[in-house]
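K.L.:
Here it is, the structure, as structure tokens.
The values are calculated or read from the model by the stated rules, or taken from the named source; none is laboratory data. From a predicted model like this one, the values you see are computed outputs, not experimental measurements. No Cβ is skipped: glycine too gets one built from the backbone with ideal geometry, and neighbour counts run over all protein chains shown. These accessible areas exclude ligands, DNA and RNA; they are computed on the full protein's heavy atoms, side chains included. Shrake-Rupley method; radii C 1.70, N 1.55, O 1.52, S 1.80 Å.
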Amino acid sequence: MISDSDIEKAVDWMRDHAEEAALAAGEVIRSEEYAKATLALVASGSASETLAGQEREARQSAAYRKAIDERVAAVYADRKYRLLYSAAEAKIEVWRSQQANSRGKL
């Protein structure tokens with residue numbers, strides 16, 4: 001059985017981490033745009049005459065790899081919050097079912 005205290009902790013955790021979770025989701029968007037901007041900036045400084053050559057050179061650059069690493073970290077943080085929220089929601093749903101079942105036995 002999931003206790004009322006466990007549910008209070010789950011709800012408190014969701015409330016207490018809402019801003020951090022929202023910031024993590026925003027960071028995913030920021031990092032996506034940063035990666036695109038970095039790719040364009042590096043490509044524009046390329047000596048290659050073709051767009052494909054400029055893009056290939058840009059994708060091999062340290063600046064672009066750093067931008068991708070930042071994007072991976074942002075997606076990781078966002079996904080972690082999403083999964084933890086899902087776990088808390090699942091716990092609450094199980095508790096609700098338990099409560100409904102216990103009322104039915106009275």
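K.L.:
Please state which of the following conditions N101 fails to meet, knowing it meets all the rest: (1) open to solvent by 90 Å² or more (accessible area, probe 1.4 Å); (2) under 14 Å from the mean Cα position of the chain (by Cα).
P.N.:
Failing condition for N101: (2).
K.L.:
If you check every pair at least six apart or on different chains, which have Cβ atoms under 9 Å apart with a residue in region 9-20 that is within 11 Å of R82 (Cα to Cα) first and a residue that is among the acidic types (D, E) second?
P.N.:
From residues that are within 11 Å of R82 (Cα to Cα), the pairs are M14/E89.
K.L.:
Looking only at region 59-77, which residues are farther than 30 Å from G45 by Cα and without any contact (Cβ under 8 Å) to a residue 24 or more places away in the chain?
P.N.:
Applying the first criterion (farther than 30 Å from G45 by Cα) to region 59-77 yields 76-77.
The one that is farther than 30 Å from G45 by Cα and without any contact (Cβ under 8 Å) to a residue 24 or more places away in the chain: Y76.
K.L.:
Select from region 23-58 the residues that are open to solvent by 60 Å² or more (accessible area, probe 1.4 Å), over 26 Å from D78 (Cα atoms) and either in contact with a strand residue (DSSP E or B) (Cβ under 9 Å, 6 or more places away or on another chain) or without any contact (Cβ under 8 Å) to a residue 12 or more places away in the chain (or both) and list them in ascending order.
P.N.:
S44, G45, A47, E49, T50, L51, A52, R56
K.L.:
Right, another one. Residues that are open to solvent by less than 80 Å² (accessible area, probe 1.4 Å), touching a residue at least 40 places away in the same chain (Cβ under 8 Å), in a helix (DSSP H, G or I) and of a type in the set (F, W, Y): does region 78-87 have at least one? Let's see the steps before the verdict.
P.N.:
Going through region 78-87, the residues open to solvent by less than 80 Å² (accessible area, probe 1.4 Å) turn out to be 78, 81, 84-87.
Next, only the ones that are touching a residue at least 40 places away in the same chain (Cβ under 8 Å) stay: 78, 81, 84-85.
Add one more test, that the residue is in a helix (DSSP H, G or I), and what stays is 78, 81, 84-85.
Cutting the leftovers down to of a type in the set (F, W, Y) gives us 81, 85.
Yes, because at least one residue in region 78-87 is open to solvent by less than 80 Å² (accessible area, probe 1.4 Å), touching a residue at least 40 places away in the same chain (Cβ under 8 Å), in a helix (DSSP H, G or I) and of a type in the set (F, W, Y).
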